[in-house]
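Asker: Before anything else, here's the structure in question.
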Amino acid sequence: MTMELTDLLHELNDQRRTFRVTMKDLSEADAKKRTTVSELTLGGLLKHLTWCERGWTHILTEQPLPPPGMLDFDQYTWTGTDLGELLGWYDEAARRTDEALRTASLDKLVPLPSAPWDQDPQPMSIRRIVLHLIRETAQHAGHADIIRETLDGQSTTASLYEN
């Protein structure tokens with residue numbers, strides 16, 4: 001594994017950890033609550049990031065057809081599944097992503113599936129996929145921090161310094 005990949009995985013895992021702090025001691029009911037005018041909930045963000053990890057791992061390992069759920073516009077909505085089970089799915093998706101990246105070449109270009117917003121997508125390097133996952137996770141960690149602080153006053157930043 002190259003130093004660059006080691007650094008990228010470190011950053012991705014740091015962003016995942018920051019996101020996971022917002023789930024600490026969260027009840028299932030609270031994970032489903034909207035705390036702002038947005039439709040976003042902590043459970044919905046968790047579901048989306050799980051689907052995001054699964055989808056990009058599917059793409060970077062060059063599996064056929066679009067990844068399951070990639071075009072599901074309901075991926076920010078979470079109902080039903082037990083919160084602990086959903087957290088487990090997220091951790092497993094992250095583990096599979098890391099595993100796939102450890103054997104990949106960052107310079108390798110992989111084809112992207114077409115989507116309604118891009119019928120003829122250009123191939124993407126695995127490096128760019130990792131950078132996209134870092135950005136996506138960081139962006140939603142910020143959303144989650146606002147939702148959690150609005151929900152019960154818990155601050156991700158303060159929680160990170162407690163650990």
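Asker: Report, ordered by the first and then the second residue, all pairs with beta carbons closer than 9 Å, sequence separation of six or more or different chains, a first member in the range 142-159 that is under 13 Å from residue 18 (Cβ atoms), and a second member that is modelled with pLDDT of 95 or more and aromatic (Phe, Trp, Tyr).
Answerer: From residues that are under 13 Å from residue 18 (Cβ atoms), the pairs are 144/19; 145/19; 156/19.
Asker: Looking at the range 20-52 only, could you name the residues that are open to solvent by 40 Å² or more (accessible area, probe 1.4 Å), of a type in the set (A, V, I, L, M, F, W, C) and in a loop (DSSP other than H, G, I, E, B)?
Answerer: Passing the criteria: only 37.
Asker: Give me the pairs, please: first residue somewhere in the range 72-88 and under 12 Å from residue 32 (Cα atoms), second residue anywhere and at pLDDT 80 or above and open to solvent by less than 40 Å² (accessible area, probe 1.4 Å), beta-carbon distance under 6 Å, and either six or more positions apart or on two chains.
Answerer: Taking only residues 6 or more apart or on different chains, the pairs are 76/44; 76/48; 77/44; 78/43; 78/44; 78/47; 83/31.
Asker: Among 97, 137, 77, 150, which is polar (S, T, N, Q), open to solvent by 20 Å² or more (accessible area, probe 1.4 Å), in a helix (DSSP H, G or I) and at negative phi?
Answerer: The conditions single out 150.
Asker: Does any residue of the range 53-68 turn out to be under 19 Å from residue 133 (Cα atoms), aromatic (Phe, Trp, Tyr), in a helix (DSSP H, G or I) and touching a residue at least 40 places away in the same chain (Cβ under 8 Å)?
Answerer: The answer is yes, given that some residue of the range 53-68 is under 19 Å from residue 133 (Cα atoms), aromatic (Phe, Trp, Tyr), in a helix (DSSP H, G or I) and touching a residue at least 40 places away in the same chain (Cβ under 8 Å).
The values are calculated or read from the model by the stated rules, or taken from the named source; none is laboratory data. Nothing here was measured: the structure is a model prediction, and the numbers come from that model. No Cβ is skipped: glycine too gets one built from the backbone with ideal geometry, and neighbour counts run over all protein chains shown. Heavy atoms of the whole protein, side chains included, go into the accessibility calculation; ligands, DNA and RNA do not. Shrake-Rupley method; radii C 1.70, N 1.55, O 1.52, S 1.80 Å.
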